[in-house]
1. What do you reckon, is ALA95 modelled with pLDDT under 70 and part of a loop (DSSP other than H, G, I, E, B)?
2. When you scan region 105-116, do you find a residue that is outside any helix (DSSP H, G or I) and at pLDDT below 90, even just one?
3. Of all residues being in a helix (DSSP H, G or I) and among the charged types (D, E, K, R) in region 51-79, which is farthest from the chain's Cα centre (by Cα)? Just the residue, please.
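The values are calculated or read from the model by the stated rules, or taken from the named source; none is laboratory data. What you see is a predicted model, and the numbers here were worked out from it, not measured in a lab.
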Amino acid sequence: MPERKSHRKRIKKKSSSTKKKSRGSCMTIPTFLKRNPMSKDTLYKLWNTNRGPRSFYLGRARRISYRAEADWIEAMEALSSTAPAVPVLELDDPADASGEDSDAETSLERRARRLKKRLHRRVKMKKHRRNR
């Protein structure tokens, strides 16, 4: 009796190297929204008020770098009243506690102060527009 050939087609298995893609240096908006739970509308409102993460266009697609995400989270924490704006620095020398360099401000403190001012102005304008 002759051997019968199977009528089923053979399915090729994909190699594991084609399944995994390396993580790039930027993410799409849906990926950003998965990592930072908020709606797409909220993200666009933040961008419209200049409070969203830095982004750039790659072709027609808008991308956000991982570094921009980290900077944005840091700035939002600085604006938050629950998180400290700047890490507490311990002074080694009690003479340094005299306050001679108390006017020196770190770039993070300056940025947090500017963002607070900008946010305050925007909230004030919104209230003014509502009361018209």
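1. no
2. yes
3. The selected residue is GLU77.
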